[in-house]
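Structure first, commentary second.
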Amino acid sequence: MRKEIWTETASFEYDQNIDYVLKRWSEKEALRFIDKVESILYDIKKGTSEYPLTEKGNVRKCVVTKQITLFYEIDADNNLVLLSFWNNYQDTERLEF
């Protein structure tokens, strides 16, 4: 199974998204988001799921919800590197990794 590595950006954005859901909706919705992310990460780490490549080299994207897309890559050591939990309402021109 692949090792999971969180970048500082991914960690910050993940926490921000959870905080937003808690403020805007409910704990139940926040837990649903967390469970969905954990399920996706488990499948990627196991190697049972791979998502489409982006135009940015070996970076892949996975739509977690209609509002949030996970950007990640598999590094040379076969680690899962989480790059960003991008809010889809933002301008993708600002997306950097």
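Numerical summary
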{"item": "Region 1-15, subset in contact with a strand residue (DSSP E or B) (Cβ under 7 Å, 6 or more places away or on another chain) and of a type in the set (Phe, Trp, Tyr), residue farthest from TYR42 (Cα to Cα)", "result": "TYR14"}
{"item": "Qualifying residue in region 56-72 (condition: at pLDDT below 95, over 17 Å from GLN90 (Cβ atoms) and surrounded by 13 or more Cβ atoms within 10 Å (Cβ to Cβ))", "result": "no"}
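The values are calculated or read from the model by the stated rules, or taken from the named source; none is laboratory data. Just so it is clear, the structure is predicted and the values come from calculations on it, not from any experiment. Glycine also receives a Cβ, built like all others from the backbone with ideal geometry; neighbour counts cover every protein chain displayed.
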